[in-house]
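Reviewing the structure listed below.
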Amino acid sequence: MATQTNGSKKPMNLKLLVWRQKNGMSKGAMTTYEAKNVSPDMSFLEMLDVVNEDIIKSGGEPIAFEHDCREGICGSCGLMINGVAHGPDEGTTVCQLHMRSFKDGDTVVIEPWRARAFPVIKDLVVDRSAFDRIISAGGYISVNTGQAPDGNAIPIAKQSSEDAMDSAACIGCGACVAQCKNASAALFTSAKIAHLRLLPQGDPERAERALRMVAQMDEEGFGSCSNEGECEAVCPKEIGMVNISLMNREYERALISGKK
Amino acid sequence: MNNETIAPAKPAETEVEHGGLGDKVASPFLDSKVPSGPVSERWNKAKFEMKLVNPANKRKFTVICVGTGLAGASASATLAELGYNVHAFTYHDSPRRAHSIAAQGGINAAKNYANDGDSVYRLFYDTVKGGDYRARESNVHRLAEVSVNIIDQCVAQGVPFAREYGGYLDNRSFGGAQVSRTFYARGQTGQQLLLGAYQAMMRQVQRGSVKLHTRREMLDVVVVEGKARGIIVRNLVTGEIETHMADAVLLCTGGYSNVFFLSTNAKHCNVTAAWRAHKKGAFFANPCFTQIHPTCIPVSGDYQSKLTLMSESLRNDGRVWVPKAAGDKRKPSDIPEEDRDYFLERRYPAFGNLVPRDVASRAAKAVCDEGRGVGDSGLSVYLDFGDAIQRLGEDTIRARYGNLFHMYGHITAEDPYKSPMRIYPAVHYTMGGLWVDYHLQTTIPGLFALGEANFSDHGANRLGASALMQGLADGYFVIPYTLGNYLASEKLSKITPEREEFKVAAKEAQERITKLLSIKGTKTVHEFHRELGHIMWENVGMGRTREGLQKAITQVAALREEFWRNVKVAGDADNLNPHLEHASRVADFLEFGELMARDALHREESCGGHFREEYQTPEGEAQRDDDHFAYVAAWEWNNGDTPPLHKEPLDFEEVHPSQRSYK
Ligand SMILES: Cc1cc2nc3c(=O)[nH]c(=O)nc-3n(C[C@H](O)[C@H](O)[C@H](O)COP(=O)(O)OP(=O)(O)OC[C@H]3O[C@@H](n4cnc5c(N)ncnc54)[C@H](O)[C@@H]3O)c2cc1C
Ligand code: FES
């Protein structure tokens, strides 16, 4: 993805085409807004804040979008910007995207994540609770509070721990699903399977976990993975497709070993 | 003033003070329930003396847990494992979004894996001293004791903590400590700990022992026969007001830094849950104790919506400096060594760049006040990695702080590998919170507060990497015991949602929402919030004075009055409306901000994060007044009139108060 950079500090004017939808039951439509005097140092969400203040002042209803930490870690934010999940910058959530990535006069199309498993609640806000259900199907290690041995009882190779961390870095934003033409949740699901698979603590439940999480993913109505690689390209945490290969191996291994 | 709650029940003949100096007479309403005996044996003793709920009976009890951050998720998971029926609430779309996710640097534990002289006692000692002798010794000791279990638990859950080449857990050091006791997972420690607790909780969701209620905002606590028996929540998607009953309610709702508008907290963090509980009778303790974090990215423009923290761990390798001469506008690379003032190393040679947060923040403010600040606004100082990169190589620095450098680069469009970062202090954490006893119970029986929402362990200043520790200590290892004791000791009557208390509370919550939408004024919620933040930052921020605080009290009251007359809230109450949610939270901040200023005004001393300019040593360090102020200030709601102050005197049996010295 090419990133254009606006090096100057000059304020810009942009045209925004934004998806507006009152609630899950109603039909939505694109609406046009002007974003005036946008500083290149603003974040994309700060630009929307300013537009929203204008809308409120003129008696309208502000554009609803999800956000919270504005630091790229909570996974709340997520917008399709000109057809790209989280916008033009690589490895970046939309809250960390800055307006210096746009130029004066640009038209910016802003839409919600689109996927059957992520129904729209309002405007740019969707319901991603399917992800929670995938985790609750098996994305954990079954250890009750108080059962744990000493933290240093099992040495874990630095590399395994680093690899596990790479997968565990997923923020659950849903960009992978939004960008995939099949709306597959394979990257999300596999990142959790890989995180727990790469650590010895995850071993006892590995077969069960893979089977149950994959089953839940299918049940939620996500599509299947056809190796398009779009998910990896837009993932703000740069989680790789290797996770998906690992998940497939885990799944097959679990099937072969005959575990339910 | 908008008083929509019923007045808390209060005995008529209470003798309490209304602010001002005074001796430390214990309030009869504050029984800290601290066990007797040597501090190191108290927790064991308390655990032994606590009543137990028999395993088969646990499922007969319903517990409401509001909040799914570290404190809430760990409590919900653990209580469900024990067999309780748990209902967990969050205003987020998923429990995993709680603000805890954003913690970067690490979590402390007295493991002494580094073999550098750490111990439970030292962590206890450092925390009491770091808190500037305004915390309860017994609580802090318990925190240090269970810290070691937390790490074990998290490792077992699969938290990918950083490791050394031998495969053992790695540690780093944080401000206010001379040992390495901080465990971390890259710069995403909070994320990984929260995911661990979240996953443990989701496992219980699968088993049906935790019922999850997302996109629900708690608007009131329902008190029946003097005990917390439920909550009122608003379904944020449909706008419906719901009533939920329970045998006990846990508030794990985080801190209130956003009263300053700009802070490092996530945008939605707020005081509503704690404040509504306060209005139902829970005392609010030390509200003025707020922490200003020294290493944040400076403000860049009016549109700024929040401030971004750069983890304190950066101070392990970064050196803080400004030019020696005021007005020196040269590029940092053009300023030679002899023209630089490494002011922390100069003023505090023993701790250098690793002094506690309050000390580092004030020192940065002082050099900026002298006109030596850098950047366009003059409101920032350098955090320089030049030496560290030369000594260790860029790769090592990248491995340690890669994601932080990346984030900095993204926000500022500057490359911190090439030129020093610019940082400035920002509001970050609130030590104050709901008053709780040793059992984490508020002054409303059956209402408990955990994590950042309570006041308990950090005194007037929190040490880095200790909030995560406290949240998880409260949730995994303290509440499972103390809640059991409460449920086993109390006789709770059978109730239904048809009771008057539930109906009244639900009606009031609904009316308040209707009122907000009906004002249709001219000023937006955002404008009110920003204005409030400005008043708070200027007067109740890093340096506080009598005049400033008095001014703040009047200004906040005036702004609140204007809010209820002139706020413009867009949209309706029957669909998702983030703007309305914000309005309701700002309304509470507008009441709470006044209490903060009052508390700061009454505390005529400087301690930890509370710096009263009138009370400082000749060297400009905070001057405590232990004779008059070694107490917890717990405020009672008084229907909007001057709130009565209750005092819990603090005894220091182990760590004897001295002027904190980091020289
Ligand atoms: C940027 C940053 C970095 C930090 N780094 C560190 C660090 O490295 N080490 C460290 O020890 N500490 C750190 N801290 C502090 C630490 O992260 C927090 O103090 C801690 O995570 C708070 O946890 P909590 O569970 O108490 O609350 P939170 O994590 O804030 O959770 C609050 C929960 O309550 C819910 N909630 C609140 N009000 C309501 C309501 N009315 N109705 C329904 N739900 C509600 C929210 O949805 C959320 O689930 C950092 C803080 C910040 C801001
Ligand atoms: S708002 Fe948290 S990731 Fe963007």
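Any residue at all in the stretch B:489-497 that is under 29 Å from B:G72 (Cα atoms), modelled with pLDDT of 95 or more, assigned to a helix (DSSP H, G or I) and more than 16 Å from ligand 1 (Cβ to nearest atom)?
Within the stretch B:489-497, one or more residues are under 29 Å from B:G72 (Cα atoms), modelled with pLDDT of 95 or more, assigned to a helix (DSSP H, G or I) and more than 16 Å from ligand 1 (Cβ to nearest atom).
Does any residue in the stretch B:592-608 that is closer than 20 Å to B:D132 by Cβ come within less than 6 Å, Cβ to Cβ, of a residue that is aromatic (F, W, Y) and surrounded by fewer than 22 Cβ atoms within 10 Å (Cβ to Cβ) six or more places away or on a different chain, and which pairs are these?
B:E605/B:Y615; B:S606/B:Y615
Of these, B:S377, B:S419, which one is small (G, A, S), assigned by TED's automatic domain parsing to the domain that holds B:L344 and either crowded, with 20+ Cβ neighbours inside 10 Å or more than 22 Å from B:E337 (Cα to Cα) (or both)?
B:S377
To keep it simple, each residue is scored yes or no on (1) small (G, A, S); (2) part of a loop (DSSP other than H, G, I, E, B); (3) closer than 18 Å to B:P425 by Cβ; (4) away from ligand 2 (no atom under 16 Å from the Cβ).
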residue: B:A273; (1), (2), (3), (4): yes, no, no, yes
residue: B:I292; (1), (2), (3), (4): no, no, yes, yes
residue: B:V299; (1), (2), (3), (4): no, yes, yes, yes
residue: B:D302; (1), (2), (3), (4): no, yes, no, yes
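Could we say that B:E619 is under 26 Å from B:T127 (Cα atoms) and surrounded by fewer than 21 Cβ atoms within 10 Å (Cβ to Cβ) here?
Taking the combined requirement at face value, the residue satisfies it.
For every residue, the table says whether it meets (1) polar (S, T, N, Q); (2) out of contact with any helix residue (DSSP H, G or I) (no Cβ under 9 Å at 6 or more places or on another chain); (3) open to solvent by 10 Å² or more (accessible area, probe 1.4 Å).
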{"residue": "B:H87", "(1), (2), (3)": "no, no, yes"}
{"residue": "B:G106", "(1), (2), (3)": "no, no, no"}
{"residue": "B:S119", "(1), (2), (3)": "yes, no, yes"}
{"residue": "B:Y125", "(1), (2), (3)": "no, no, yes"}
{"residue": "B:A144", "(1), (2), (3)": "no, no, no"}
{"residue": "B:G166", "(1), (2), (3)": "no, no, yes"}
{"residue": "B:G175", "(1), (2), (3)": "no, no, no"}
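Take B:G543 and decide whether it is in contact with a Phe, Trp or Tyr (Cβ under 7 Å, 6 or more places away or on another chain) and open to solvent by 10 Å² or more (accessible area, probe 1.4 Å).
When the stated conditions are applied, B:G543 passes them.
Could you say which residue among A:D41, A:D68 is within 16 Å of ligand 1 (Cβ to nearest atom), surrounded by 16 or more Cβ atoms within 10 Å (Cβ to Cβ) and assigned to a loop (DSSP other than H, G, I, E, B)?
A:D68
When B:L250 is evaluated against the numbered criteria (1) assigned to a loop (DSSP other than H, G, I, E, B); (2) open to solvent by less than 10 Å² (accessible area, probe 1.4 Å), which criterion, by number, is the only one it fails?
(1)
Wholly within the stretch B:34-123, which helices (runs of 4 or more DSSP H) include no fewer than the required count, namely at least 3 residues that are aliphatic (A, V, I, L, M) and within 16 Å of ligand 2 (Cβ to nearest atom)?
Of the helices (runs of 4 or more DSSP H) lying wholly inside the stretch B:34-123, none has at least 3 residues that are aliphatic (A, V, I, L, M) and within 16 Å of ligand 2 (Cβ to nearest atom).
Is it the case that A:A64 is among the aliphatic types (A, V, I, L, M) and either more than 16 Å from ligand 2 (Cβ to nearest atom) or under 20 Å from B:L307 (Cβ atoms) (or both)?
Judged against the criteria, A:A64 is not a match.
Which pairs turn up if I take residues in the stretch B:161-183 that are within 14 Å of chain A (Cβ to nearest Cβ) and closer than 14 Å to B:L314 by Cα and look for partners that are surrounded by fewer than 20 Cβ atoms within 10 Å (Cβ to Cβ) and charged (D, E, K, R) with beta carbon separation below 8 Å, at least 6 apart in sequence or on another chain?
B:T182/B:R172
Residue check, A:C173 against (1) open to solvent by less than 30 Å² (accessible area, probe 1.4 Å); (2) within 14 Å of another protein chain (Cβ to nearest Cβ); (3) more than 16 Å from ligand 2 (Cβ to nearest atom); (4) under 21 Å from the mean Cα position of the chain (by Cα), all met but one. Which one?
Status for A:C173: all satisfied but (3).
Every residue, every condition in (1) under 30 Å from B:I150 (Cβ atoms); (2) facing another protein chain (nearest Cβ under 7 Å); (3) among the polar types (S, T, N, Q); (4) open to solvent by 40 Å² or more (accessible area, probe 1.4 Å), yes or no:
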residue	(1), (2), (3), (4)
A:W113	no, no, no, no
A:R116	no, no, no, yes
A:A137	yes, yes, no, no
A:A148	yes, yes, no, no
A:A153	yes, no, no, yes
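Given the residues B:K507, B:K515, B:K503, B:K551, which is the only one that is outside any loop (DSSP other than H, G, I, E, B), among the charged types (D, E, K, R), under 21 Å from B:T642 (Cβ atoms) and open to solvent by 30 Å² or more (accessible area, probe 1.4 Å)?
Result: B:K551 is the single residue among B:K507, B:K515, B:K503, B:K551 that is outside any loop (DSSP other than H, G, I, E, B), among the charged types (D, E, K, R), under 21 Å from B:T642 (Cβ atoms) and open to solvent by 30 Å² or more (accessible area, probe 1.4 Å).
Only one of (1) surrounded by fewer than 23 Cβ atoms within 10 Å (Cβ to Cβ); (2) hydroxyl-bearing (S, T, Y); (3) within 11 Å of chain A (Cβ to nearest Cβ) fails for B:Y198. Which number is that?
With respect to (1) surrounded by fewer than 23 Cβ atoms within 10 Å (Cβ to Cβ); (2) hydroxyl-bearing (S, T, Y); (3) within 11 Å of chain A (Cβ to nearest Cβ), B:Y198 is out only on (1).
Which ones in the stretch B:94-151 are facing chain A (nearest Cβ under 10 Å) and more than 15 Å from ligand 1 (Cβ to nearest atom)?
Listed by number, the residues that qualify are B:K111, B:Y113, B:V148, B:N149.
Of everything in the stretch B:116-158, what is out of contact with any Phe, Trp or Tyr (no Cβ under 9 Å at 6 or more places or on another chain), in contact (Cβ under 8 Å) with a residue 24 or more places away in the chain and within 15 Å of B:L468 (Cα to Cα)? Give them in sequence order.
Selection gives B:L123, B:T127, B:S147, B:V148.
Can you pull out the residues in the stretch B:201-237 that are of a type outside the set (S, T, N, Q), in contact (Cβ under 8 Å) with a residue 60 or more places away in the chain, within 11 Å of chain A (Cβ to nearest Cβ) and open to solvent by 10 Å² or more (accessible area, probe 1.4 Å)?
Correct list: B:R203, B:R207, B:L212, B:R215, B:V237.
Does B:V632 satisfy being β-branched (V, I, T) and under 20 Å from B:V259 (Cα atoms)?
The answer is no for B:V632.
I'd like the residue in the stretch A:68-94 that is polar (S, T, N, Q) and within 11 Å of another protein chain (Cβ to nearest Cβ) and, out of all such residues, is farthest from ligand 2 (Cβ to nearest atom).
The selected residue is A:T92.
For the stretch B:447-482, name all the residues that are assigned to a loop (DSSP other than H, G, I, E, B) and either of a type in the set (D, E, K, R) or within 9 Å of ligand 1 (Cβ to nearest atom) (or both).
B:L450, B:D457, B:R462, B:L463, B:G464, B:A465, B:S466
Scan B:S257, B:S263 and give me the residue that is crowded, with 24+ Cβ neighbours inside 10 Å, within 16 Å of ligand 2 (Cβ to nearest atom), modelled with pLDDT of 95 or more and among the hydroxyl-bearing types (S, T, Y).
Checking each option against the conditions leaves just B:S263.
Inspect all residues belonging to the stretch B:248-270 and state whether any of them is more than 14 Å from chain A (Cβ to nearest Cβ), touching a Leu at 6+ places or on another chain (Cβ under 6 Å), within 10 Å of ligand 1 (Cβ to nearest atom) and not aromatic (F, W, Y).
Yes, that holds for at least one residue.
Which ones in the stretch B:336-390 are farther than 17 Å from B:Y424 by Cβ, within 28 Å of the chain's Cα centre (by Cα) and of a type in the set (F, W, Y)?
B:Y348, B:F351
The values are calculated or read from the model by the stated rules, or taken from the named source; none is laboratory data. Keep in mind it's a predicted model, so treat the numbers as computed, not measured. All Cβ positions, even for glycine, are placed from backbone atoms using ideal geometry, and neighbour counts span all protein chains on display. When the accessible area is computed, the model is the full protein with side chains, heavy atoms only, and any ligands, DNA or RNA have been set aside. Shrake-Rupley method; radii C 1.70, N 1.55, O 1.52, S 1.80 Å.
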